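The values are calculated or read from the model by the stated rules, or taken from the named source; none is laboratory data. What you see is a predicted model, and the numbers here were worked out from it, not measured in a lab. Ideal geometry is used to build each Cβ from the backbone, glycine not excepted, and the neighbour counts take in all protein chains shown.
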Amino acid sequence: MEITVQWIRTSWTKESRGGEAASLGNAAPVGFALPHDAASFAHVIRMHERDGFEPHDSREDLSKVDVQLREADGRLRVFPRVQPLFALPPRQRRPPGVRLIPGQWVRWQLNYRFSSALGIRGWSYWLDTFNIAYGPVNADVFLSTPPMFIDEQGPLR
């Protein structure tokens, strides 16, 4: 069965925590149209404040995406990995993985806050959005409202 993965990483620094830069980051899309051969790889999009949150897309092997995908009994189990383990906010209790039936898709979001190893630089932030579909889909599937949405975003302060 086809598995379609879109991984969007939006990243910013403390400079974008207010004003016009924050508005740009908050308006960044959480879903994009898929390339024509999206079922054979992960569609990866990166957006960063230094580029004005302009999307840059690439293709990655599905095994390099930070999400666990397992097919069993006609369903797809989806569970994003939290990487790296030292990132904030802490996640003591994570929701369980979701099981998709053919024709379903899920949007799962996790956020992170990092400091440099020595604390010399300021904070940096990520928002990872995983759009994952099980079964054949059209190119615009992730532009719509997801039938399942898992919000694992914590307070970033």
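Numbers for the structure displayed
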read-out	value
Odd one out for His56 among (1) at pLDDT below 90; (2) under 26 Å from Leu24 (Cα atoms); (3) surrounded by fewer than 12 Cβ atoms within 10 Å (Cβ to Cβ)	(1)
Residue tally, condition over 22 Å from Val78 (Cα atoms) and in contact (Cβ under 8 Å) with a residue 24 or more places away in the chain, over the range 18-56	12
Residue check for Pro29: modelled with pLDDT of 90 or more and closer than 19 Å to Arg113 by Cα	no
